[in-house]
Amino acid sequence: MFRRIHHPPQAMRSARQREPAHPNAHAWQLSTSSIEGDDYESDDAEEIRHFSHQHLFVAKDYHHEVKDDRLLTCQGCIRPITEDFYSCTKQEEQSCQFYLHKICARLPEKMLLPLLHQHHFTLLSRAPSIDGVYQCYMCGIFHHGFFYSCEKCALPTGENLFYLDLECSMYWETRDLTHESHDHRLLLDMEYDDVLCRGCGSKIFFCFSCKRCNFHLCIACVRLPLTARHRYDKHVLKLTYASRIEDEVVGYYCEICEGKRDPAHWFYWCKDCNFDCHPHCIIGRYPRVKLGSTYKHDDHVQHQVTLVSKWKSPIRGDKRDNILHCERCPELCQGLVFECRECNINFHRDGCCGATDSASSSRYVLRFNEEDERNQVVEGGPWFHGKTMFALAYDGRTAAAEVPIRSIPVWVEVFGLPPILTTTKETLYMTTSRRLADRKVERFVKNITKRGAVPETTAKKGKDYPVGPILLGFFIFVVIGSCKLSIFATF
């Protein structure tokens with residue numbers, strides 16, 4: 001994947017200054033033990049060949065090459081380049097604007113992340129969709145650029161539900177971090193109970209948590225920059241974690257979109273101007289997607305379509321709204337959509353269109369007048385109306401077709417349960433993760449088949465509660481049978 005073409009002279013290498021750290025070094029420190037093969041070179045190379053591009057790359061000095069505040073973006077992580085980098089050698093001849101951070105050029109081609117997935121991950125440079133956009137399995141954020149994918153879990157169509165962005169792969173390796181919003185260290189965890197992010201209020205599965213304080217953050221909020229700028233304010237805006245009490249009388253509004261904001265959620269604030277706004281109004285809803293890129297679309301061959309972000313304005317009757325219906329289905333196009341500006345028509349992305357995706361066409365947004373009513377529906381399911389349906393908590397911001405579904409609830413009726421189990425406080429606990437369920441089943445089967453591994457009784461001496469065939473058969477049915485019958489299916 002990474003091959004050194006030419007060594008610089010020894011004197012030049014020894015005199016070279018150490019390469020400055022990546023702006024997000026805590027999330028980008030790589031372990032060379034994850035790299036397979038002998039292609040990795042620890043020293044810098046003047047020219048390299050990389051699997052993601054057809055041309056050679058040449059090393060560039062950032063302070064010498066980048067002038068006039070020109071913004072260059074790395075095609076690997078879709079972040080601005082602020083340090084020495086690699087540039088395509090055909091930049092001037094063929095106007096090939098392809099750049100890579102040096103650390104992105106050295107990413108391991110294969111990676112194994114224990115406890116997250118049983119297979120090796122392979123580094124890929126582009127998703128198989130029309131626009132090359134993928135959604136990360138851990139954080140749910142949409143991305144362009146490099147990612148890790150499990151080739152063994154790919155669908156026959158070439159699509160894959162297990163994409164992992166570069167930062168999440170590093171988060172899983174480090175598993176903890178410190179954040180300005182909390183005094184204690186936060187550990188990466190998987191929450192099976194209903195927990196909400198302290199920063200945005202969204203329901204989360206993978207999160208950074210402090211168990212002692214019941215404090216949880218989604219990965220998207222962890223990535224928010226601590227400071228930012230906007231053309232509406234000349235000062236630096238600071239990420240703020242608590243709203244001011246004095247604003248309660250006049251209400252809490254975003255100065256950019258003029259919509260309401262939740263005072264319990266994080267926001268950006270300028271103390272000098274009393275200017276506050278939503279985080280997504282500052283960094284955008286899709287900060288890792290190259291909006292404005294054009295593509296060929298099979299349903300509109302006469303023109304190229306442009307990838308855009310469309311959201312309904314919170315201002316009633318806003319004339320700037322241009323939310324159109326999809327040309328392939330009757331639903332409105334919101335979120336990431338394709339737009340032909342010459343014909344003024346929109347298309348949903350693949351997987352989000354009701355005409356091609358049965359999952360998205362069967363999604364509906366339910367509105368409730370009271371929170372108790374909403375909680376009863378969300379927590380009391382699944383429900384039956386001809387077919388099985390279940391309710392999922394919805395933040396009202398994400399497009400309904402883009403809400404990730406990782407598990408579904410089911411009702412299980414068990415007959416002939418031994419009395420000893422019916423009297424316990426927690427009768428049965430089932431994980432919602434196929435991966436963890438398989439691991440538990442494997443350990444259980446190993447104990448059953450290994451002679452002497454299962455004691456004749458689980459009770460203390462002096463108690464007459466032997467593990468009989470009924471109890472043993474029940475556990476075999478619940479643990480092994482539930483996996484085979486896919487009682488809990490993950491997406």
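Table for the structure above
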| item | result |
| --- | --- |
| Test for Val195: is it open to solvent by less than 20 Å² (accessible area, probe 1.4 Å) and at pLDDT below 90 | yes |
| Residue within segment 133-151 that is assigned to a loop (DSSP other than H, G, I, E, B), touching a residue at least 60 places away in the same chain (Cβ under 8 Å), more than 30 Å from Tyr295 (Cβ to Cβ) and touching a Cys at 6+ places or on another chain (Cβ under 7 Å) present | no |
| Residue within segment 70-88 that is within 16 Å of Ala45 (Cβ to Cβ), touching a Leu at 6+ places or on another chain (Cβ under 6 Å) and in a loop (DSSP other than H, G, I, E, B) present | no |
| Hey, Leu177 surrounded by fewer than 17 Cβ atoms within 10 Å (Cβ to Cβ) and either in contact (Cβ under 8 Å) with a residue 40 or more places away in the chain or among the aliphatic types (A, V, I, L, M) (or both) or not | yes |
| Residue among Ser125, Ser87, Ser95 that is closer than 21 Å to Lys290 by Cα, among the hydroxyl-bearing types (Ser, Thr, Tyr) and open to solvent by 50 Å² or more (accessible area, probe 1.4 Å) | Ser95 |
| Any chance Leu100 is at pLDDT 80 or above, open to solvent by less than 80 Å² (accessible area, probe 1.4 Å) and farther than 29 Å from Ile283 by Cβ | no |
| Evaluation of Lys152 against (1) in contact with a His (Cβ under 9 Å, 6 or more places away or on another chain); (2) farther than 27 Å from Pro225 by Cβ; (3) at pLDDT 90 or above (one fails), failing number | (3) |
| Count of residues meeting criterion [in a loop (DSSP other than H, G, I, E, B) and farther than 19 Å from Ala105 by Cα] in segment 55-65 | 0 |
| Residue in segment 18-52 that is least open to solvent (accessible area, probe 1.4 Å), counting only those that are modelled with pLDDT of 75 or more and within 23 Å of His120 (Cα to Cα) | His50 |
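Residue by residue, here is whether (1) farther than 24 Å from Phe142 by Cα; (2) without any contact (Cβ under 8 Å) to a residue 12 or more places away in the chain; (3) among the polar types (S, T, N, Q) holds:
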| position | (1), (2), (3) |
| --- | --- |
| Glu258 | yes, no, no |
| Trp266 | no, no, no |
| Asn274 | yes, yes, yes |
| His280 | no, no, no |
| Ser293 | no, no, yes |
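The values are calculated or read from the model by the stated rules, or taken from the named source; none is laboratory data. All of these numbers come straight from a predicted model, not from anything done at the bench. So basically every Cβ, Gly included, is an ideal-geometry build from the backbone, and we count neighbours across all protein chains shown. Heavy atoms of the whole protein, side chains included, go into the accessibility calculation; ligands, DNA and RNA do not. Shrake-Rupley method; radii C 1.70, N 1.55, O 1.52, S 1.80 Å.
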